[in-house]
1. Could we say that GLY110 is of a type outside the set (D, E, K, R) and part of a loop (DSSP other than H, G, I, E, B) here?
2. What number goes with the only condition from (1) farther than 19 Å from ARG138 by Cβ; (2) loosely packed, with under 10 Cβ neighbours inside 10 Å that ALA24 does not pass?
3. Of all residues in the range 65-76, which are closer than 25 Å to ALA135 by Cα, in a strand (DSSP E or B) and of a type in the set (A, V, I, L, M, F, W, C)?
4. Looking for whichever is surrounded by fewer than 17 Cβ atoms within 10 Å (Cβ to Cβ) and in the same structural domain as VAL133 (by TED's automatic domain parsing) here; the options are ALA72, ALA10, ALA18. Which one fits?
5. Please specify each residue of the range 24-38 satisfying the condition of being over 16 Å from VAL119 (Cβ atoms) and part of a loop (DSSP other than H, G, I, E, B).
6. Looking at the structure I just gave you, is VAL60 among the β-branched types (Val, Ile, Thr), assigned by TED's automatic domain parsing to the domain that holds ALA135 and under 13 Å from the mean Cα position of the chain (by Cα)?
7. Quick one: in the range 27-52, which of the residues that are exposed (fewer than 11 other Cβ atoms within 10 Å of the Cβ) and of a type outside the set (A, V, I, L, M, F, W, C) is modelled with the highest pLDDT?
8. Quick one: how many residues across the range 53-64 are assigned to a strand (DSSP E or B) and surrounded by 15 or more Cβ atoms within 10 Å (Cβ to Cβ)?
Amino acid sequence: MNPRKKRRLAFAIALLLAGAGGAALTIYALSDNVLYFYSPSDVMAKHVGPGVSFRIGGLVADHSVKHGTGTAISFVVTDGKHEVPVRFDGVLPALFREGQGVVASGALNGNGVFDATQVLAKHDEKYMPPEVVDALKRSGRWQEGGAGT
């Protein structure tokens, strides 16, 4: 093999190694951000700090919905093991109700309350986002044959 071919081979190998290293660093950096949402148990386990934007998903806890002044509303999201209080000021989806699946976008405040900027509810009587089903199964709260199947 002549010196020119050796240089080309070395360059190709270096290029492949650099690309693989860059891809590995990108995957590592995004590892906590690729989740569609965190369940309340995930929020507690990961010790998510105040002001960090994320999505939380689970079930709206029974008897937790409280209407405030105007469009302000508060409720609790649960996965059966942990609960996170949520505060939202806006119009809720028509299918929002206690005991149903919900995903909310926002951030925790300094008091541990999730200040939601958007609330999404399931869109029909049998659908539940797969991520919510997985979180409920991990917590032991999911019942086969119930809603979402």
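The values are calculated or read from the model by the stated rules, or taken from the named source; none is laboratory data. For clarity, every value in this text was computed on a predicted model and none was experimentally measured. Here the Cβ positions follow ideal geometry from the backbone for every residue, glycine too, while neighbour counts run over all protein chains shown.
1. Yes; evaluated as a whole, the condition is true for this residue.
2. Failing condition for ALA24: (2).
3. ILE73, PHE75, VAL76
4. On inspection, the qualifying residue turns out to be ALA72.
5. Residues satisfying the conditions are SER31, ASP32, ASN33, VAL34, LEU35.
6. On the way: among the β-branched types (Val, Ile, Thr): yes; assigned by TED's automatic domain parsing to the domain that holds ALA135: yes; under 13 Å from the mean Cα position of the chain (by Cα): no.
So VAL60 does not fit the description; no.
7. Only one residue fits best here, namely GLY51.
8. The number of residues fulfilling the criteria is 7.
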